[in-house]
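First up is the structure itself, then whatever we jot down about it.
The values are calculated or read from the model by the stated rules, or taken from the named source; none is laboratory data. All values reported here derive from a predicted model rather than from experimental measurement. Because the Cβ atoms are built from the backbone with ideal geometry, glycine has one as well, and the counts that use them run over all protein chains shown. The accessibility values were calculated without ligands, DNA or RNA, using every heavy atom of the protein model including side chains. Shrake-Rupley method; radii C 1.70, N 1.55, O 1.52, S 1.80 Å.
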Amino acid sequence: MPYVLADAAQNLFPAREQMALSLGWHIIFSCFGIAFPVLTVFAEWRGHRRGNAALTELAHTWAKAMGVLFAAGAVSGTLLSFEMGILWPGLMDRFGEIFGFPFVLEGYAFFIEAIFVGIYLFGWNRMSPRAHMLSALPMIVSGMAGAFFVVAANAWMNNPTGFRLDADGRVVDARPWAAMFGPSTWPQVVHMLLGAYMVVGFTIASVYAVGMLRGRRDRHHWYGLLIPLTVGAVAAPVQIGVGDWIAGTVAENQPAKLAAMEGLYRTTAGAPLSVGGLFKDNRMNYALEIPRGLSLLVHRDPNGVVRGLEEFPPDERPPVNVVHLAFDTMVGLGSALLLLAVVFGFVWWRRRRIPQTPWFLRAVAVSGVAAVVALEAGWVTTEVGRQPWSVYGILRTRDAVSPAPGLWLGFYAVVAIYLALTALTVLVLRRLAREHDTPAPQEVDARPPDDQPEVVAVR
Amino acid sequence: MTLADVVLGIMFVGLIAYGLFGGADFGAGIWDLLAGGTRRGARQRELIEHSIGPVWEANHVWLIFVLVVLWTAFSGAFAAVVTTLYIPLTLAAFGMIARGAAFAFRKSITTLPMRRFLGAAFALSSLVTPFFLGAVVGGVASGRVPPGIAAGNVVTSWLNPTSLLGGVMAILVCAYLAAVFLCGDARREGAEDLAHEFRIRALGTAAVTGVAGIAGLFVLRGDAPLLWEGLTGRAVPLVGLSVLAGAVAVGCLVLGRYAAARVASSLAVTSILVGWAVAQYPYILVPDLTIEDAAAGRPTLLAMLLALAAGAVLLVPALVYLYRLFQTSPPEGAGAGAAAGHPAEVPSAGPYG
Ligand code: HDD
Ligand code: HEM
Ligand code: HEM
């Protein structure tokens, strides 16, 4: 049974796929943990300020959706913490003392977030409005702090700093605080936080855009579209600037990744920017080339020299096509979302209203998916672009993976579980969208089932 | 006491908290499983739901805390444990996913078959998850995890007498703790009859746990001699304390003093866990790896100590606030926010809702 009881070499594939699936799933929900509380509290605050019942009701609906999404994020995050060790013991064993430290702080951040999500949802209608809104503050701060710590850990894998290696390759002189603030940390963290705001803003807006396209044009839908869309539209242009910053950091610290992102084989002065295309036989085919674009972007100089893949031994090059296409997808979708933001901003500026044309609403309706895809594509760029390294330049992924037999089975099980979990989450969210009085997981009272109203709270 | 001992001690505090809070949480799910048919069990299930609704997520972050402290401060030992014992750990993680998702989502679902399915998933995974975690503890405590990545046997490390004992004891302790905690919650909600039912269950599980514990000592003598030696040697005072506290808890239950019973039961569980730690000190992986040899470098330990202390300053008041708010709150709608304009929309779920 080669696919069931494999050895270490064969473990690499299932372990990678399992990690990518779990992280790719978790990241969507963690975005909601980061950004959704802000939207919800904003709506709640405006609602109380103006005595606007439509807004407080909207906030309550959002709070419930947040509860569902938070639960999904928490369970998937728990699996991740096991997987870090189960799948990548070589990484944890050697570098746990540096790389693990941000996760300790992250543990606290999530703890506080879980506590205050409980308080916020349970306290709805039990606390004074002011106390209730204040209880959301720790949730917002700890969500962002949690994201900082995890992404700092990832940034360390990209740019390991804060330690020395002795002759046997063992870590000595670990400085965990310094390691947390390597060159990639701030650009990655800021880019991720903005990404989270874009994902949440555009997804929530798209839900209400779909409702409006179906003819529901009440105030509920109007606010439901306006608030999140504004958040997404404000984040979009900033994100592109930050994207430029992060690309600069990659060019400086991970030249092989940058070369893969652009499919650049030869070290070139005045290198072009390639859009689309396929990398084959050490060159880009069918790509749309913007002459000198890459040099201009990376060095602010049309004749700057950009290092190509040829400078790296073949076994130190990442898989080019995946990285290149993922990168183009992110940039393309980011630009499209920027365009949407500009249209929205322009109409709002001139007319003080949301554009009501079906085309605009249709664009908003797909913007949520676009933002999620951009986010995933960005992570694929980062993670696959780092290959074959787990810790850039130091530890190869194949040396990090667990040699335990049977990892394939775990991978199959994870696929099955995530399929089921996705189906359930979608089912619950759809219910929530249709019936506003559906309770959230952290609230205490459940309604009796539809078909047997006399049975009290069957669970 | 070295720096490494201190950090490991803090990790152990987290483990105890997980044992108590997470344990009671799992146990509540076990009673949900045993509550009987849909109609008959409805009120018990409702009480259980009320008791863990807002706190179940927080109850389980303790485990994350334990994992991250271990992997940072004792990376090698962590890598050895999770790779050798990856099967029960993966199954426990799956159990946590199934449990959390089912518990969270069933409330929002109103079709009966789907709710039954989710309820069953919640209850069953509440039973199997502590079993696997207990089996992991058994594997570690009986010295079946050698240092090194996946160096131990991935099957016999958790399919052995001590692991089975650990798994069964974990289930019993969870069920016991939950029954004791639910007595108090039932009284707070004014349901004396439910409190009485859970009291009987608490007493019953206390008896079973006691018998299993004594039988377990003989299992350990044969299967985990080092642990046996420690428990009957150095750790004897703690084992005695646990027995004593257990007896006091039973007395309190009989007298209907539920708050005192909670404290005594928690003490009984805590002292047996500490007993385990004392019995295997100074080894983190018996019989080869000591705490000192497994520990990370001094700067990391110091940084962690600082972070753990600072974090506790934030965390402890927040936790206390959550449990207080939740244990003393009026039902929804009675607070000042009810004026905010949304109707009291959730129809009360039952006589105690
Ligand atoms: C809504 C999401 C989103 C959007 C619109 C963009 N990005 Fe992005 N990008 C991400 C979301 C993201 C991310 C959150 O998925 C990543 C993965 C790792 C990270 O820190 O951010 C990322 C990574 C990432 C990286 C790799 C960083 C590394 O490997 O260290 C680069 C070079 C860029 N981005 C550049 C851009 C540019 C030039 C954009 C301009 C349009 C852009 N991104 C839009
Ligand atoms: C290896 C990587 C990761 C691990 C081990 C991990 C672990 C966890 C755990 C254990 C939780 C649950 C905590 C709770 O119950 O409250 C969680 C939730 C969360 N994670 Fe992750 N995570 C990882 C990656 C990420 C990434 C990449 C982000 C975002 C940048 C992120 C952001 C969050 C947030 C904001 C939460 C709060 C809960 C929620 O909103 O769902 N995590 N994570
Ligand atoms: C900030 C948190 C993250 C951390 C600490 C992290 C860590 C890791 C680790 C340890 C691996 C194992 C193999 C390797 O080193 O390449 C990995 C691989 C991978 N991760 Fe991440 N990751 C994070 C976020 C993400 C997210 C959000 C995604 C979303 C798609 C992602 C996608 C992947 C993929 C696709 C791989 C497999 C790469 C390959 O083997 O080709 N990661 N990551």
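What the table shows:
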{"item": "Elements of type helices (runs of 4 or more DSSP H) contained in the range B:5-82, each with 3 or more residues being within 11 Å of another protein chain (Cβ to nearest Cβ) and open to solvent by 10 Å² or more (accessible area, probe 1.4 Å)", "result": "B:42-52, B:56-73"}
{"item": "Number of positions in the range B:92-122 that are out of contact with any Ser or Thr (no Cβ under 6 Å at 6 or more places or on another chain), hydrophobic (A, V, I, L, M, F, W, C) and at the interface with chain A (Cβ under 9 Å from one of its Cβ atoms)", "result": "13"}
{"item": "Criterion (touching a Gly at 6+ places or on another chain (Cβ under 9 Å) and without any contact (Cβ under 8 Å) to a residue 40 or more places away in the chain) met by exactly one of A:SER274, A:SER295", "result": "A:SER295"}
{"item": "Test: residue in the range B:283-294 that is among the aromatic types (Phe, Trp, Tyr) and facing chain A (nearest Cβ under 9 Å)", "result": "no"}
{"item": "Criterion: among the aliphatic types (A, V, I, L, M), assigned to a loop (DSSP other than H, G, I, E, B), away from ligand 3 (no atom under 16 Å from the Cβ) and more than 10 Å from chain B (Cβ to nearest Cβ) - qualifying residue of A:ALA205, A:ALA136, A:ALA174, A:ALA167", "result": "A:ALA167"}
{"item": "Some residue of the range A:150-169 being under 19 Å from A:ALA63 (Cα atoms) and buried (at least 23 other Cβ atoms within 10 Å of the Cβ)", "result": "no"}
{"item": "Selection status of A:TRP186, free of Cβ contacts under 8 Å to residues at least 24 places away in the same chain and part of a helix (DSSP H, G or I)", "result": "yes"}
{"item": "The range B:210-235 residues that are under 13 Å from B:VAL286 (Cα atoms), paired with ones that are open to solvent by 70 Å² or more (accessible area, probe 1.4 Å) and modelled with pLDDT of 85 or more (beta carbon under 8 Å, 6 or more apart)", "result": "B:TRP228/B:ARG221"}
{"item": "Yes/no for B:ALA245 being part of a helix (DSSP H, G or I), of a type in the set (A, V, I, L, M), in contact with a Phe, Trp or Tyr (Cβ under 9 Å, 6 or more places away or on another chain) and surrounded by 16 or more Cβ atoms within 10 Å (Cβ to Cβ)", "result": "no"}
{"item": "Residue within the range A:189-210 that is open to solvent by 30 Å² or more (accessible area, probe 1.4 Å) and away from ligand 2 (no atom under 16 Å from the Cβ) present", "result": "yes"}
{"item": "Qualifying residue in the range A:26-34 (condition: at the interface with chain B (Cβ under 9 Å from one of its Cβ atoms), over 21 Å from B:ALA307 (Cβ atoms) and in contact (Cβ under 8 Å) with a residue 12 or more places away in the chain)", "result": "no"}
{"item": "Candidate set: the range A:249-274, residues that are within 16 Å of ligand 3 (Cβ to nearest atom) and farther than 16 Å from A:LEU325 by Cα; chosen: the one farthest from the other protein chains (Cβ to nearest Cβ)", "result": "A:VAL250"}
{"item": "Residue ranges of helices (runs of 4 or more DSSP H) in the range A:253-369 with at least 3 members in contact with a Lys or Arg (Cβ under 7 Å, 6 or more places away or on another chain) and crowded, with 17+ Cβ neighbours inside 10 Å", "result": "A:255-262"}
{"item": "Search result, residues across the range A:382-401 that are more than 22 Å from A:SER76 (Cα to Cα), within 14 Å of ligand 1 (Cβ to nearest atom), in a helix (DSSP H, G or I) and not small (Gly, Ala, Ser)", "result": "A:ARG386"}
{"item": "Filter result for the condition that a residue is buried (at least 24 other Cβ atoms within 10 Å of the Cβ) and in contact with a helix residue (DSSP H, G or I) (Cβ under 9 Å, 6 or more places away or on another chain), over B:ALA195, B:ALA151, B:ALA175", "result": "B:ALA175"}
{"item": "Pairs, first within 22 Å of B:GLY27 (Cβ to Cβ) in the range B:107-134, second open to solvent by less than 10 Å² (accessible area, probe 1.4 Å) and among the acidic types (Asp, Glu), C-beta under 9 Å, six or more apart", "result": "B:LYS107/B:GLU49; B:GLY119/B:ASP32; B:PHE122/B:ASP32; B:ALA123/B:ASP32; B:SER126/B:ASP25; B:SER126/B:ASP32"}
{"item": "In the range A:402-415, the residues that are open to solvent by less than 60 Å² (accessible area, probe 1.4 Å) and part of a helix (DSSP H, G or I)", "result": "A:LEU407, A:TRP408, A:GLY410, A:PHE411, A:ALA413, A:VAL414, A:VAL415"}
{"item": "Residue in the range A:39-48 that is among the aromatic types (Phe, Trp, Tyr), in contact (Cβ under 8 Å) with a residue 12 or more places away in the chain and either surrounded by fewer than 23 Cβ atoms within 10 Å (Cβ to Cβ) or more than 17 Å from A:MET192 (Cα to Cα) (or both) present", "result": "yes"}
{"item": "Residue in the range B:277-291 that is among the hydroxyl-bearing types (Ser, Thr, Tyr), open to solvent by 50 Å² or more (accessible area, probe 1.4 Å) and in contact with a helix residue (DSSP H, G or I) (Cβ under 8 Å, 6 or more places away or on another chain) present", "result": "yes"}
{"item": "Within the range A:91-115, considering residues that are at the interface with another protein chain (Cβ under 7 Å from one of its Cβ atoms) and over 18 Å from A:TRP177 (Cα atoms), the one farthest from ligand 2 (Cβ to nearest atom)", "result": "A:ASP93"}
